[in-house]
Each structure stands twice: as structure tokens, then as C-alpha cells.
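Handing you a structure now.
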Amino acid sequence: MSVFRFKQFMVDQTGCAMKINTDGVLLGAMAQMEAPKRILDIGTGTGVIALMLAQRFPLAIVDAIEIDAEAARTAGRNFQNSPFADRISCHAVALGDFEPKYHYDLMVSNPPYFLHSLKNQDVRKRIARHADISFFDQLLERSARWLTPKGGVQLILPISLANDVGRQAEDGYGMVVQGAATIRSFSTHPPIRCVLAIGKATGNPEFGEREFLIYEGKGVYSPAYRKLLKDFFLAF
């Protein structure tokens, strides 16, 4: 399906190597910050996370960056066709080449993290899905420079990688882990993802520590998942 319809906007996925996925919508709905004025989405892809945050924070200006030029064009069209067009924009640029004019209260990313898997042969999918650990060094270094004093960067990652990135933030960049949301598919399954909140200041009362369950049974979403996404998904 090339066009994904949400309650307040539509997302055309044409030309995007990575399509809308559960990780992205979870981050878009779970990222928390008190009244952010400026938000940055790193590696926006289709633009879905940036659009969700624009809906959730109606006073925020949202910037998005994307290294894939074709995906950036698609995200830009999605932004222009949304109700938030006057305060959301996409920049076709790599993280290392982006020079923002402002500091951000909230930065988010659903980053490439298949660090040790075989490289995908499709070049654009390879860029979208794989990163060296240097990507996270770069992301954390930029976060330390670009965040406001009370701002934070929030990422959705596999559990083991979240632990590594948290230590990297604290040991290498003087930031702190402000909170973590552990995500399970089923209550009997081990955690599969973590939404990790990192910032300059200790604690983020808007985020905290929590566990989140996607399914309560096979093919049946949990009440928590339905509540989290009820403002976005037509089916909810």
C-alpha cells in the first residue's frame, strides 16, 4: 500500500526505501517532552514520525532531515499536503552536513541499527537500514550541541543497542539517560525494543520508566496500544 491514511493526515510512501513500520509509529506516539517549541526528526523517511509529532504538539515547529533525496522529496510532499504544512519542513541532507539555525527541545530518530547483519544489496535500502556505530557517535555529539538545556533526544532501538547507546551518551558526551520504555510484543515474550530518552538534565517527568505491550493475543492489539494510537489510526 503506497498511501497510508491516518485520521488527520496521509502518508504517501512512494520512493521511500523504508516504509511505515511499528517502530516508527510507536516512537511518534510515545516520545514525550513538555511543550516543545522546536523538534527535529533525524532520518525521517516517509515523514510519519514528524507528522505525528506535529499533530501531538500543535505549537511546535518541526524540522526533518533525510539523507535519501527521493525519500526527502516524498516526505516534503507529505508535509505540504498535511494540516501542519506551515510549521513542518524536510531537508534533504545527511546528519553530518546539517547545520541548524536553532536549538531543539526534542530530537527523535528511528535510526538504522542492523549493525552486524549482512548488508542489503539494494543501495538505498542498505543506507536506510544499516549504520556503523559511528552514526550513534555523530547523533549523540550533535544532540549534545543542538539540544536546549532541558531538551532531550529519544530513540527507538533494540534492547542491547539501547543499553550501549545509553552508556555511550553518559560516558562520551556527558548526557544522562532520562527514561526508557521497554516494549514487548506479548507478555510472555522478552522485550524487543526500547524507546530511550537521553538529555542534558537528569530526569524527564514526562517520560519516566515504563513497560509497553503491543498484543494481548494473536492478532489482538492490547488496550494500551489502541489507546496510544487512537488519535492516529482510522481503525481505532
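The values are calculated or read from the model by the stated rules, or taken from the named source; none is laboratory data. Quick caveat: nothing in here was measured; it's all calculated off a predicted structure. Here the Cβ is made from the backbone with ideal geometry for all residues, glycine too, and neighbour counts use every protein chain on show. Only protein heavy atoms, including side chains, enter the accessible area calculation; ligands, DNA and RNA are left aside. Shrake-Rupley method; radii C 1.70, N 1.55, O 1.52, S 1.80 Å.
Scanning the stretch 58-68 for residues that are open to solvent by less than 50 Å² (accessible area, probe 1.4 Å) and over 15 Å from the mean Cα position of the chain (by Cα), which turns out farthest from LYS7 (Cα to Cα)? First the steps, then the outcome.
Step one: filter the stretch 58-68 for residues open to solvent by less than 50 Å² (accessible area, probe 1.4 Å), giving 60, 62-66, 68.
Retained after the next criterion (residues that are over 15 Å from the mean Cα position of the chain (by Cα)): 60, 68.
Working: ALA60: 19, ASP68: 27 Å.
Filtering first and then ranking leaves ASP68.
If we keep just the residues of the stretch 69-86 that are polar (S, T, N, Q) and part of a helix (DSSP H, G or I), which is most open to solvent (accessible area, probe 1.4 Å)? Steps first, answer last, please.
The first filter runs over the stretch 69-86 and keeps only residues polar (S, T, N, Q), leaving 74, 78, 80-82.
Those left that are additionally part of a helix (DSSP H, G or I): 74, 78, 80.
Values: THR74: 2, ASN78: 8, GLN80: 121 Å².
Here the residue is GLN80.
Go through the stretch 14-23 and give me each residue that's open to solvent by less than 10 Å² (accessible area, probe 1.4 Å) and either at pLDDT 95 or above or in a helix (DSSP H, G or I) (or both).
Just the residues of the stretch 14-23 that are open to solvent by less than 10 Å² (accessible area, probe 1.4 Å), to begin with: 16.
Residues satisfying the conditions do not exist here.
In this structure, is SER89 at pLDDT 90 or above, of a type in the set (S, T, N, Q) and assigned to a loop (DSSP other than H, G, I, E, B)? Step through it out loud before you land on a result.
Details: at pLDDT 90 or above: yes; of a type in the set (S, T, N, Q): yes; assigned to a loop (DSSP other than H, G, I, E, B): no.
Against the criterion (at pLDDT 90 or above, of a type in the set (S, T, N, Q) and assigned to a loop (DSSP other than H, G, I, E, B)), SER89 does not qualify.
Given the conditions (1) more than 18 Å from MET33 (Cβ to Cβ); (2) hydroxyl-bearing (Ser, Thr, Tyr); (3) open to solvent by 10 Å² or more (accessible area, probe 1.4 Å), report the number of the one that THR148 does not fulfil.
Of the numbered conditions (1) more than 18 Å from MET33 (Cβ to Cβ); (2) hydroxyl-bearing (Ser, Thr, Tyr); (3) open to solvent by 10 Å² or more (accessible area, probe 1.4 Å), the odd one out for THR148 is (1).
Checking LEU26 against (1) open to solvent by less than 10 Å² (accessible area, probe 1.4 Å); (2) modelled with pLDDT of 95 or more; (3) under 24 Å from PHE98 (Cα atoms), which test does it fail?
(3)
Then there is this: List every residue pair whose Cβ atoms lie under 7 Å apart, where the two residues are 6 or more positions apart in sequence or sit on different chains, the first residue falls within the stretch 162-184 and is part of a helix (DSSP H, G or I), and the second residue, located anywhere, is among the polar types (S, T, N, Q) and surrounded by 17 or more Cβ atoms within 10 Å (Cβ to Cβ).
Taking only residues 6 or more apart or on different chains, not a single pair turns up.
Looking at PRO149, PRO190, PRO205, can you tell me which residue is assigned to a loop (DSSP other than H, G, I, E, B) and modelled with pLDDT of 90 or more?
PRO190 is the lone residue from the list that is assigned to a loop (DSSP other than H, G, I, E, B) and modelled with pLDDT of 90 or more.
Report, by residue number, each residue of the stretch 183-197 that is within 19 Å of the chain's Cα centre (by Cα) and either open to solvent by 30 Å² or more (accessible area, probe 1.4 Å) or among the small types (Gly, Ala, Ser) (or both). Spell out how you get there, then give the answer.
So the first thing to find is which residues in the stretch 183-197 are within 19 Å of the chain's Cα centre (by Cα), and the list is 183-185, 191-197.
Result: ARG184, SER185, PRO191, ILE192, ARG193, ALA197.
Let me ask something else. Only one of these is buried (at least 21 other Cβ atoms within 10 Å of the Cβ) and in contact with a Phe, Trp or Tyr (Cβ under 8 Å, 6 or more places away or on another chain): ALA54, ALA35. Name it.
Values: ALA35 fails: buried (at least 21 other Cβ atoms within 10 Å of the Cβ).
The match here is ALA54.
For (1) closer than 27 Å to PHE212 by Cβ; (2) without any contact (Cβ under 8 Å) to a residue 24 or more places away in the chain; (3) assigned to a loop (DSSP other than H, G, I, E, B); (4) of a type in the set (Asp, Glu), each residue gets a yes or a no:
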position: LEU26; (1), (2), (3), (4): yes, no, no, no
position: THR46; (1), (2), (3), (4): yes, no, yes, no
position: ILE49; (1), (2), (3), (4): yes, no, no, no
position: GLN55; (1), (2), (3), (4): yes, no, no, no
position: LEU59; (1), (2), (3), (4): yes, no, yes, no
position: LYS101; (1), (2), (3), (4): no, yes, yes, no
position: LEU106; (1), (2), (3), (4): yes, no, no, no
